[in-house]
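Quick notes on the structure that follows.
Values quoted throughout were computed directly from the atomic coordinates according to the rules given, and no laboratory measurement underlies them. Note that the structure is a prediction, hence the values are computed from the model and not measured. No Cβ is skipped: glycine too gets one built from the backbone with ideal geometry, and neighbour counts run over all protein chains shown.
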Amino acid sequence: MSRSHTDVTAHQGGVACTVSEVIDRVAGKWSIGILVAAAEGPVRFSELERQITGISRRMLTLNLRKLEREGLLIRTVYPTVPPRVEYTCTDMALELHETLSTLVTWAERHAPDIAKAHATYDAAHTAPRQPA
């Protein structure tokens, strides 16, 4: 899909938001993994940190805040010592999860094909080195 087809503007409650902006917000590098993990039920910060390979604590915190702001996660703080915090997907996020699951399955199924295509392309487009 070309970028021009995703610049449709939706007006919701006086706020204009293009489709590409929505996609950028929910399909960021870490957002998909967070939403997939949270869709299985309430999940704690430390569980997310273990499940999402390579994410830093700061990046996880920033993404959790962003997804909460977007209306995709609910953050619940329990008054215990130390405080226990859980994240749960909203109904909107659970609906999105169906699409994300399909995307994740597709990516897993086609990862070897894409790697092979990369290797083939790189081999065909790498100029042979001239002797010095």
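Counting 0.36 nm for each residue step from W106 to H118 and taking away their Cα separation leaves a gain of 2.6 nm. What you get for the stretch 3-125, charging only the Cβ of Lys and Arg (+1) and of Asp and Glu (-1), is a dipole of about 500 debye around the Cα centre. Applying 0.36 nm per residue to the separation of E95 and E68 and subtracting their alpha-carbon distance, the gain on full extension is 8.2 nm.
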